[in-house]
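Take a look at the structure below.
No value in this document is a laboratory result; all are computed from the given coordinates. Fair warning: this is a prediction, and the values are worked out from it, not measured in the lab. Here the Cβ is made from the backbone with ideal geometry for all residues, glycine too, and neighbour counts use every protein chain on show.
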Amino acid sequence: MPHWLQLMLDSLGPLLWAALVFTAPLTLLSFAFGLTVGLGAALARLFGPTWLSGIVRFYVWIIRGTPLLVQLFLIFYGLPSIGIVLDAFPAALIGFTLNVGAYSSEIIRAAISSVAKGQWEAAYSIGMTWSQAMRRTVLPQAARVAVPPLSNTFISLVKDTSLAAAITVPEMFQAAQRIVATTYEPLILYVEAAILYLAMSSVLSSLQVRLEKRLNRYGGFLEARS
């Protein structure tokens, strides 16, 4: 067996373990929390008081205008200087959540704004409250618009988790770095890590297509009812 293939097979287990234990949980938790933050921020921008909308605008401006790596360094290495010490994983989780929240808030805000005013009026005409109209009519239709860019954000997040290696989170890329430090074979190990990231992104892209088709069918049903 060629040396490069044997090395890839030997390192596959540690890389997959790091992906399962750290990369996947960090991605899923960050996206779930970030999506919640993004939805709240989007609703605050659209329907909140001026002062709250201003705070959200400032938050989005800061996050979108600074590199993600800098944000992670500020949280993990910067906050201890003012007495706030976080372990690596929670620091990465907070950083990715804030980043995803800012970007997803703009996506969700645009998606909600794209729903025709007539949909609100139709919901109110049958006795729905604002929250019922939002939950049953507006958000399902906005989801069709939001899912493609949100899915792209999720896929990007899978790859961005490699930045957590810079703050000592033992995710898949740092696992590859540790193996490189002992084998001195950076090309082989980094290619293997790239292949694994590519495989995860491909699976998610396939799921994205299926979800979009399902939402399109559901959206057509809603439009037919209205």
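I'd like to know if the stretch 26-45 contains one or more residues that are surrounded by 18 or more Cβ atoms within 10 Å (Cβ to Cβ), among the aromatic types (F, W, Y) and over 17 Å from the mean Cα position of the chain (by Cα).
No, that holds for no residue.
Among the residues that make up the stretch 93-106, is at least one of them hydrophobic (A, V, I, L, M, F, W, C) and farther than 17 Å from T36 by Cα?
no
Applying the selection to the stretch 55-68, what residues are surrounded by fewer than 17 Cβ atoms within 10 Å (Cβ to Cβ), over 15 Å from the mean Cα position of the chain (by Cα) and not small (G, A, S)?
Result: I55, R57, F58, W61, I62, T66, P67.
Hey, does the stretch 76-91 have a residue that's out of contact with any Pro (no Cβ under 8 Å at 6 or more places or on another chain) and surrounded by 21 or more Cβ atoms within 10 Å (Cβ to Cβ)?
Yes; the residues of the stretch 76-91 include at least one that is out of contact with any Pro (no Cβ under 8 Å at 6 or more places or on another chain) and surrounded by 21 or more Cβ atoms within 10 Å (Cβ to Cβ).
Select, from G118, G95, the only residue that is in contact with a helix residue (DSSP H, G or I) (Cβ under 7 Å, 6 or more places away or on another chain) and at negative phi.
Only one candidate passes the filter, namely G95.
Within the stretch 104-142, count every residue that is crowded, with 20+ Cβ neighbours inside 10 Å, in contact (Cβ under 8 Å) with a residue 40 or more places away in the chain and not charged (D, E, K, R).
So the count comes out to 7.
Being among the hydrophobic types (A, V, I, L, M, F, W, C) and crowded, with 16+ Cβ neighbours inside 10 Å narrows it down to one residue among L207, L163, L198; which is it?
L163
Which of the residues belonging to the stretch 11-45 are among the hydroxyl-bearing types (S, T, Y) and either farther than 23 Å from Y190 by Cα or without any contact (Cβ under 8 Å) to a residue 60 or more places away in the chain (or both)?
S30, T36, listed by residue number.
Starting from the stretch 60-78, take each residue that is of a type in the set (A, V, I, L, M) and list its partners that are not in a helix (DSSP H, G or I), counting only C-beta distances under 8 angstrom and pairs at least six apart or across chains.
I75/L86
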